[in-house]
Amino acid sequence: MKVKSPLEVYKYLPQTNCGECGYDTCMSFAAQIIDRNVKPTDCPPLVENAKKDKKFEKKLNELITLTSPEIAEVIIGSGESAVKIGGEDVLHRHELTFFNPPAFFFDVHDNMDEALIDERCSRVVEYRKFYVGDFITLEGIAVRCVSNDPEKFRKVAKKVAEYGKPMILISLNPDCMRAALEEVADQKPLMYAATEQNWRKFLELALEFKVPVTIRSRDLDILKSIAKTFKENGVSEIVLDPVTEPVGKGLRETFERVVQIRRTGILGEDKDISYPIMITPISAWLIDGDDITRGYWETVIASTFITKYADIMIFRNLEQYTVMPSVVLRYNIYTDPRTPVQVEPGLREINNPSPDDPVFITTNFALTYYTVESDLSSSNIKCWLLVLDTEGLGVEVSVAGGQFTAAKVKDLIQETGIEQKVNHKFLVIPGLAARLQGAIEDETGWTVLVGPMDSGRIKGWLEQQWPPESGE
Amino acid sequence: MAKKFTLDEFFETLKKYNVEEIEGVRIEGDLEIEIEPGSGIDANLIGAIAMLSNYMQLIQEFGNFIYHTNMALTYLQRLSQALGIQMPAGMQMPSAQPAPAVQEVTPVEVPKFKIPEKLISAKFEPYKVEYPGTIEEVTLGATRADGGTREVTITIGGEKSLAFYNFDAQNPNIPVIAIDVFDRKPMLAKAVREHYEDVLEDPAEWAKKAVKDFGADLVTLHLISTDPLLEDTPASEAVKVVEDVLQAVKVPLIIGGSGNKEKDPEVLEKAAEVAEGERIMLASATLDMDWERIGNAAKKYGHVVLSWTQMDINNQKTLNRYLLKRVGIDRNSIVMDPTTAALGYGLDYAFTNMERIRISGLRGDTDLNFPMSSGTTNAWGAREAWMKDSPIEGDTPWGPRELRGPIWEIVTGMTLALAGVDMFMMMHPGALAVMKEWMKMLSGVIEESIENVDDWITMEV
C-alpha cells in the first residue's frame, strides 16, 4: 500500500461522517483502510459519486491504486472453496501482518490408478487439524499431466474437478492444457505453466479461458519479460514460479530468487514482478532417498518458503509428518501480530460435568485456553472451566500485568451463574496465578485451590486433591 | 521360450557395459521391443528400461550429492527401515516415460486473440539493501595457545545481512548446533531418549556421543541436579561434572544451571571458576536473578555470558545494557537468548521477536547487535511432537510420532534460523543432521545440486 497514514486516505473521503460505512467518522474509516480491514469501495457515498461524476470516479480510482496491496491478489477456484493468494504489503510480519497464507495443493497425475486418485483427493478434502479453536484444512489438488495425452489429461481433470476443490493444471504442453481447460475452465483452475518455449500458446489459453496462469523460469529477466508481456496483452492473474531447486546451490539460488522477487516488488515497487510466488516442495521427490527422506525434505523446502514469501505450494506427501508441521507453521507465520489471539470469555462445560465436579479457571488467550481445554477433554476430566477475559494474555503475563484480578474473577463467577450449577465453592486456579489465592478468596468467598503449573498435570493433581477436604 | 529374469539381473547385465553406452540408448516414442506373447519377459520391463536409463543418468549427475545426503540422512533411512517401510531402489526414481509423439497441431481456425510474436524484453533489477550495523562476532572455546584445552573453537555472529541473505553481504559464520547433556536423568520424549539410553547416567559419555556420533559442534551441560527441588547438589560438587566433560570432549562447552533463581548464580560462578581459560558460555543471566554475579563470573574467568529474556525486545535491551555498562562485559562476550517457543505454541512470537532484534542490530542498535541462541529442544514440549495421537475428535490421525517429533524440532529450528539465530541447542540426532544439511546448503557450503529440476512435472510417482 502506497499510503501509510489515515490522513492521506482521509483527503479522498467525503468527510461528512455520515456513518453509512458502519464507522462513526471518516477518519476511523480511513484508519480501517490503512489496516486493510475495509476497501475504498466500502464507502457508499464514494461509490455513488463516482457513478455520477467522472471527476469523482478518477479520485476513487486514485484511492484504490494508492491503497491496493503491493503484491497482486489472485483467486484460484470458484464458489466457496475459492482461495485468494498474494496481496502482501510487507516483508516482515511485525511491520503490519501477512495477509493470505500460502495455499497448499497436493498432486495426482493422469497415469495414476483411479482408486489412488480418489484416495488422494479424499484425503485432501477430508484433512483436518484442530488448532486454536478451529480445524485447519487444505486448499486444493494439483493435477499433473504425465501421459502427455490430451484426452487422458482431460478425463482426469474432469474427475478431480468433482471434488469441488480449487485446482492447478500441470502440463507444459498447450494441447493437453487446452483439453483440460475445455472441461474445467469454469472452475477457474490455475494453469501451470507458461515458459520461454510455450508462452504464446499459454497466453492464448489464458485469454480464451480467462483463467490464472503460472509463469515458470529460473531466469528472472525472462520471468519478468513473460509477466510483462502477459499483463500488456490483458492477462493480469499471474503467479510467478522462479523454479524450486530442492538441494545444494540450487536451493540457495531459489532462496535468493524468491527473496529478490518479493523485495523488489515491495521495496523496489517493480509492478512487473509484484505477483504471488509459487514454490514446489514436490521437487524434493527428485532427490535420492526413500519416501521418508523425501517427505522430510519436502517439509524442509516448505518451511523455508512459508517463512519467506511463498504464496502457493505444490506438495506430494500427504503423510502427517509433512502436512502437520507445514499447516501449523503457516498458521503461525500468518497470524496477525497486531491482535492477540483470544477466545470468548465465559463458562465451558467439559465432558458433561455434574454439580459435584471441580471448577477451573483459565485465561482467554487462545493458546492457553485450547491447551487447557484439550488437556481436560482428552483426559476425560469432567469439570467446569471458567474463561476469564484477560485481553488475550496468558496466565503469567496477565497476573503480572493486572488483567487477571480477584475482582474480575468475582464478576465472572456472577455473570456465569456458576454458583447455581455446582454444589460446592471450590475454585482451582492455575499454578502460575498462585499469588492471587488469598485475594480471590477474600473477594469471592470461595475456597481457592492452587492447581499445577502445567495443565498437562491436572489429571494427576486431581487424583491427589479432589474431592477436597471439606468442613473447614 | 526366453529365460525369465528379474530386474536386478537385468541391472547386473547392464553393468557390464559402461555408462556412456547406456546413456546413449535412445528411447523413442514408439519404442517397441519384440516380445512374443508368453515369452516370459515381464511386461514391466519396458518401463524398467526407460527408468534405468534415467536412473543411470541420475547417478552420474548427483553422484556427489548422494554422498552427502546419505551421510546426513542415514538416520532417517534407518528409521524408515525400522518402521518397515521399504527402501525403494531405482524403481522409485522419477521415471521419464517415453513420451508419445505430440502431433503437430495445424490451426484450422483463425486465432481469436492477437498474440505478439516476441516477448517484451524486460530486465530484472534486484532492489539492494545494505545495513549500517554488524552483529558482534563471539568465539567460544579456547585452544592451548589461548590458555584453554579445546581442540576447536566456535565463532558465531558477524552478520552484515539477514540470515542466509549472502547476496546482500556474505555472512562469515554458519550457525552451529549444540546438543543438550544433563547431569542427571531428565524427562525426555521417547524418540529422543532412545538415542541416549546408554549414556543417560554418564554426562561425559553423553557428551562424547553427542560430538562423535551425532556431530554436535558444542555441548551444553545442564547442571539440573543442583535444583533445590531435585537433588540440591551443592555447587562445588556439581561442577566436578564440568571437569569430566571438559576431559571427555574437545569442543567448547556451554554450562547451564537448573533455572533456580537463587541457586544458579552460585552454580554458574563455580562452573566459571573450574573452567577458567576454556571460554565457556554461562547459561544464563536473566533479569530476575543476580545477573551481576553471573556477569562478573564470566568477566573474571574470561567466559561468554548468555543474556536470556522472555520474548521481550525491550527487556533484552535492558539486560544487555546492564551486562555491558554495569558489569563491563566485553562486546564480544555476549550471546542473547530471546526465548524459543515451539512450532504451534508461540513460535510466531519467538520468530518475530528475534527477527526484530536482528533487524534492530543490523540497523545499528548497539544494545541488540549480538548473536542469538535458541533452546530449540523446547519443540519437544509440543504435543504434536510426542503424543501418540491427537486427543481431538475429528482430527486426521497424526501418524507415527517417531516421524513427527524430529520434524517438529527441525521446523522450529529452521524458522528461527531464518529469524537470525546463530546457535541452536537441540537433542534429536536426525533433526540436527537435517538442520545442518539445510544450513550448509543455504550458506553455500554444499553446492551439489540437481540439474533436471523440471522432472517432477512429469514424474510417475
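The values are calculated or read from the model by the stated rules, or taken from the named source; none is laboratory data. Please read all numbers here as calculations on a predicted model, not as lab measurements. Note that we place each Cβ from the backbone using ideal geometry, even for glycine, and neighbour counts take in every protein chain shown. Only protein heavy atoms, including side chains, enter the accessible area calculation; ligands, DNA and RNA are left aside. Shrake-Rupley method; radii C 1.70, N 1.55, O 1.52, S 1.80 Å.
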The one condition in (1) charged (D, E, K, R); (2) within 10 Å of chain B (Cβ to nearest Cβ); (3) buried (at least 22 other Cβ atoms within 10 Å of the Cβ) that A:Glu88 fails to fulfil
(2)
A:Phe202: open to solvent by less than 20 Å² (accessible area, probe 1.4 Å), assigned to a helix (DSSP H, G or I) and more than 28 Å from B:Phe167 (Cβ to Cβ), yes or no?
yes
Filter result for A:Val328 (among the hydrophobic types (A, V, I, L, M, F, W, C), more than 10 Å from chain B (Cβ to nearest Cβ) and either farther than 23 Å from A:Ile261 by Cβ or open to solvent by 10 Å² or more (accessible area, probe 1.4 Å) (or both)):
no
State the number of residues belonging to the range B:258-271 that are open to solvent by less than 10 Å² (accessible area, probe 1.4 Å) and out of contact with any strand residue (DSSP E or B) (no Cβ under 6 Å at 6 or more places or on another chain).
3
Restrict the check to the range A:331-339 and report whether at least one residue is crowded, with 24+ Cβ neighbours inside 10 Å and facing chain B (nearest Cβ under 8 Å).
yes
Of (1) open to solvent by 10 Å² or more (accessible area, probe 1.4 Å); (2) in contact with an Asp or Glu (Cβ under 8 Å, 6 or more places away or on another chain); (3) outside any strand (DSSP E or B); (4) not polar (S, T, N, Q), A:Ala179 fails just (1)
All but one of (1) in contact with a Pro (Cβ under 7 Å, 6 or more places away or on another chain); (2) farther than 20 Å from A:Asp442 by Cβ; (3) not basic (Lys, Arg) hold for A:Leu388, so report the exception by its number.
(2)
From B:Arg383, B:Arg401, B:Arg358, residue being free of Cβ contacts under 8 Å to residues at least 12 places away in the same chain, under 22 Å from the mean Cα position of the chain (by Cα) and more than 7 Å from chain A (Cβ to nearest Cβ):
B:Arg383
The residue that is farthest from the other protein chains (Cβ to nearest Cβ), considering only those in the range A:387-416 that are over 32 Å from the mean Cα position of the chain (by Cα) and not β-branched (Val, Ile, Thr), is A:Gln414
Any idea which of A:Asp291, A:Asp241 is surrounded by fewer than 24 Cβ atoms within 10 Å (Cβ to Cβ), over 22 Å from the mean Cα position of the chain (by Cα) and touching a residue at least 24 places away in the same chain (Cβ under 8 Å)?
A:Asp291
Please go through the range B:272-293 and pick out each residue that is open to solvent by less than 60 Å² (accessible area, probe 1.4 Å) and aliphatic (A, V, I, L, M).
B:Ala272, B:Val274, B:Ala275, B:Ile280, B:Met281, B:Leu282, B:Ala283, B:Ala285, B:Met289
Those residues of the range A:265-281 which are assigned to a helix (DSSP H, G or I) and either modelled with pLDDT under 95 or under 24 Å from the mean Cα position of the chain (by Cα) (or both), in sequence order:
A:Gly265, A:Ile266, A:Ile273, A:Pro281
Having 1 or more residues that are in the same structural domain as B:Asp365 (by TED's automatic domain parsing) and of a type in the set (Ser, Thr, Tyr) is the bar; report the strands (runs of 3 or more DSSP E) wholly within the range B:277-343 that clear it.
B:281-285, B:304-308
Take the range B:151-165 and flag every residue that is at negative phi, over 18 Å from the mean Cα position of the chain (by Cα) and either at pLDDT below 95 or open to solvent by less than 40 Å² (accessible area, probe 1.4 Å) (or both).
B:Glu159, B:Ser161
Selection count, the range A:205-224, where residues are more than 8 Å from chain B (Cβ to nearest Cβ) and either open to solvent by less than 30 Å² (accessible area, probe 1.4 Å) or of a type in the set (Gly, Ala, Ser) (or both)
9
Qualifying helices (runs of 4 or more DSSP H) (wholly inside the range B:346-461; at least 2 residues being open to solvent by less than 10 Å² (accessible area, probe 1.4 Å) and out of contact with any Gly (no Cβ under 8 Å at 6 or more places or on another chain)):
B:347-362, B:401-419, B:429-443
Tally the residues that are of a type in the set (Asp, Glu) and in contact with a Cys (Cβ under 7 Å, 6 or more places away or on another chain), restricting the search to the range A:1-46.
1
Those strands (runs of 3 or more DSSP E) lying entirely in the range B:104-187 with at least 3 residues out of contact with any helix residue (DSSP H, G or I) (no Cβ under 6 Å at 6 or more places or on another chain)
B:137-140, B:154-157
Give B:Val434, B:Val411, B:Val421 a once-over and let me know the one that is under 19 Å from B:Gly344 (Cα atoms), facing chain A (nearest Cβ under 7 Å) and modelled with pLDDT of 95 or more.
B:Val411
Which residue pairs have Cβ atoms under 8 Å apart, sit 6 or more places apart or on different chains, and have a first residue in the range A:1-16 that is among the β-branched types (Val, Ile, Thr) and a second that is in a loop (DSSP other than H, G, I, E, B)?
A:Val9/A:Val3
Given the residues A:Gln420, A:Gln414, A:Gln403, which is the only one that is polar (S, T, N, Q) and open to solvent by less than 80 Å² (accessible area, probe 1.4 Å)?
A:Gln403
Taking the range A:131-173 and keeping residues within 14 Å of chain B (Cβ to nearest Cβ) and in contact (Cβ under 8 Å) with a residue 60 or more places away in the chain leaves A:Tyr131, A:Val132, A:Gly133, A:Ile136, A:Leu138, A:Ala142, A:Ile168, A:Ile170
Selection within the range A:342-386 - within 14 Å of chain B (Cβ to nearest Cβ) and assigned to a loop (DSSP other than H, G, I, E, B):
A:Asn351, A:Ser379, A:Asn380, A:Ile381
Which members of the range A:118-161 meet the condition of being within 21 Å of A:Tyr331 (Cβ to Cβ), open to solvent by 30 Å² or more (accessible area, probe 1.4 Å) and assigned to a helix (DSSP H, G or I)?
A:Arg123, A:Val125, A:Glu126
Sort out which residues of the range A:227-259 are out of contact with any strand residue (DSSP E or B) (no Cβ under 8 Å at 6 or more places or on another chain) and of a type in the set (D, E, K, R), and write them in order of number.
A:Lys228, A:Glu232, A:Glu245, A:Lys249, A:Arg252, A:Glu253, A:Glu256, A:Arg257
Give A:Thr65, A:Thr97 a once-over and let me know the one that is in contact (Cβ under 8 Å) with a residue 60 or more places away in the chain, open to solvent by less than 50 Å² (accessible area, probe 1.4 Å) and of a type outside the set (Phe, Trp, Tyr).
A:Thr97
Residues of the range A:236-248 classified as part of a loop (DSSP other than H, G, I, E, B) and either acidic (Asp, Glu) or closer than 20 Å to A:Glu88 by Cα (or both), total:
4
